[in-house]
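Read-outs: derived from the displayed coordinates by stated rules, not from any lab. Computed from a prediction, not measured in an experiment: that's the story for all the values here. Note: ideal-geometry Cβ built from the backbone for every residue, glycine included; neighbour counts use all protein chains shown.
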Amino acid sequence: MALIRIPGALRQLTANQAEVEIEATTVRSALAALEQKHPGIGGKVMDGATVKPFIRIYVGPDDIEGLQGLETPVTARDEISIIPAIAGG
């Protein structure tokens, strides 16, 4: 099972779980599985069919924007990280 790392700001939607295991073949299906397990989190990460502009998603050390986007393949050993933008000055 792939592992999705949940940022602190979204953990209230995953019963305070920092990591959620899911079965998926792409980043898109991983996010859909995450939404199915924890309804409401998808709307915080996705804007319709795309990732919200202030959210970055990584598979291992790689931003999916430099890979195949939401169609980036995911294996059972992959770690997916959801990284929200940090504002401040």
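Tell me which residues, restricted to the range 35-89, are among the hydroxyl-bearing types (Ser, Thr, Tyr), crowded, with 18+ Cβ neighbours inside 10 Å and in a loop (DSSP other than H, G, I, E, B). Residue satisfying the conditions is Thr72 alone.
Taken over the range 1-34, residues that are within 23 Å of Ile86 (Cα to Cα) and either among the basic types (Lys, Arg) or within 11 Å of the chain's Cα centre (by Cα) (or both) amount to 12.
For Glu21, the stated conditions do not hold, so it cannot be described as touching a Lys or Arg at 6+ places or on another chain (Cβ under 8 Å) and acidic (Asp, Glu).
Quick one: is Ala33 of a type outside the set (Ser, Thr, Tyr) and touching a residue at least 40 places away in the same chain (Cβ under 8 Å)? No: the conditions fail for Ala33.
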